[in-house]
1. Filter segment 67-101 down to residues that are under 22 Å from residue 112 (Cβ atoms) and assigned to a loop (DSSP other than H, G, I, E, B) and give me whichever is farthest from the chain's Cα centre (by Cα).
2. Of the residues 110, 174, which single one is in a loop (DSSP other than H, G, I, E, B) and either out of contact with any helix residue (DSSP H, G or I) (no Cβ under 6 Å at 6 or more places or on another chain) or assigned by TED's automatic domain parsing to the domain that holds residue 80 (or both)?
3. Taking the condition modelled with pLDDT under 90, surrounded by 14 or more Cβ atoms within 10 Å (Cβ to Cβ) and part of a helix (DSSP H, G or I), does residue 180 pass?
4. Looking at 200, 190, 119, can you tell me which residue is surrounded by 15 or more Cβ atoms within 10 Å (Cβ to Cβ), modelled with pLDDT under 95 and under 30 Å from residue 76 (Cα atoms)?
5. If you scan segment 124-167, which residues turn out to be aliphatic (A, V, I, L, M) and either in contact with a His (Cβ under 7 Å, 6 or more places away or on another chain) or assigned to a loop (DSSP other than H, G, I, E, B) (or both)?
6. Exactly one condition in (1) surrounded by 11 or more Cβ atoms within 10 Å (Cβ to Cβ); (2) on the phi < 0 side of the Ramachandran plot; (3) at pLDDT 90 or above is not met by residue 175; state its number.
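The values are calculated or read from the model by the stated rules, or taken from the named source; none is laboratory data. Treat the numbers as computed from the prediction; the structure is a model and nothing was measured. Here the Cβ is made from the backbone with ideal geometry for all residues, glycine too, and neighbour counts use every protein chain on show.
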Amino acid sequence: MLITTITSQKKRKDRVNIFVDGTYAFALDLDLMVKHRLRVGQTLSDIEVKALVKESELAKWYNQCLNLISLRPRSKQELGDYLTRHEVGELTQKTVLNQLTAKNWLNDEKFAEWFVEQRLTFRPKGSRALQMELKQKGISTDIIQEVLTKHLDETTQIGLARQIVAKKLTFWQKLPPLKLRLKLQNLLLRRGFSYAVINRVLEAETAATSDLT
């Protein structure tokens, strides 16, 4: 099998098309071409071609996943789902994810830390909601418990719930007391706060309101 032509891809200048015996055979990352010193006129065996195609496929999806991680941290399940949607084979998926994990680009514990910090900063939620969201991302129960215990004790949750209540009171303060309490309770439940936290926050709010009347 003779390499007859090597051309750069139009959309991706970091990849080249390899033609064997006058026919397109496979695409390859430019750095892999340099690594293997491929050139026009070089003869390849069928085994060598298959090995190059496999290595190119791994490099392609590794770099694709790395690009996603560069935008924001990802969980292992998120990247696995991404590869599955693109019909990447199971063995290739496993190899890519293992390589990313080995280089610490993929770390579910770090992802969970980042995810919880983002939620607490931009859209506060209770531990129940965060636990459910992290499970949907494929995070293990042990990691979820460790991260939530670290970042979301009861005192922190009460503070977050009070912030949410304070914002809503601006719009709901003229509602009858029972209706107001019900709306606030349902809001906090939807945000994933426990009944214990909700009751403490609403009781404190009721007491504060009573002091003003």
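1. Going through the qualifying residues, I end up with 72.
2. So the residue among 110, 174 that is in a loop (DSSP other than H, G, I, E, B) and either out of contact with any helix residue (DSSP H, G or I) (no Cβ under 6 Å at 6 or more places or on another chain) or assigned by TED's automatic domain parsing to the domain that holds residue 80 (or both) is 174.
3. On the way: modelled with pLDDT under 90: yes; surrounded by 14 or more Cβ atoms within 10 Å (Cβ to Cβ): yes; part of a helix (DSSP H, G or I): yes.
Here the answer is yes, as residue 180 does meet what is asked.
4. Only one candidate passes the filter, namely 119.
5. The answer is 139, 152.
6. Every listed condition holds for residue 175 apart from (3).
So that you can scan it fast, the table gives a plain yes or no per residue for (1) exposed (fewer than 13 other Cβ atoms within 10 Å of the Cβ); (2) free of Cβ contacts under 8 Å to residues at least 24 places away in the same chain:
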{"residue": "30", "(1), (2)": "no, yes"}
{"residue": "34", "(1), (2)": "yes, yes"}
{"residue": "37", "(1), (2)": "yes, yes"}
{"residue": "46", "(1), (2)": "yes, no"}
{"residue": "53", "(1), (2)": "no, no"}
{"residue": "58", "(1), (2)": "no, no"}
{"residue": "66", "(1), (2)": "no, no"}
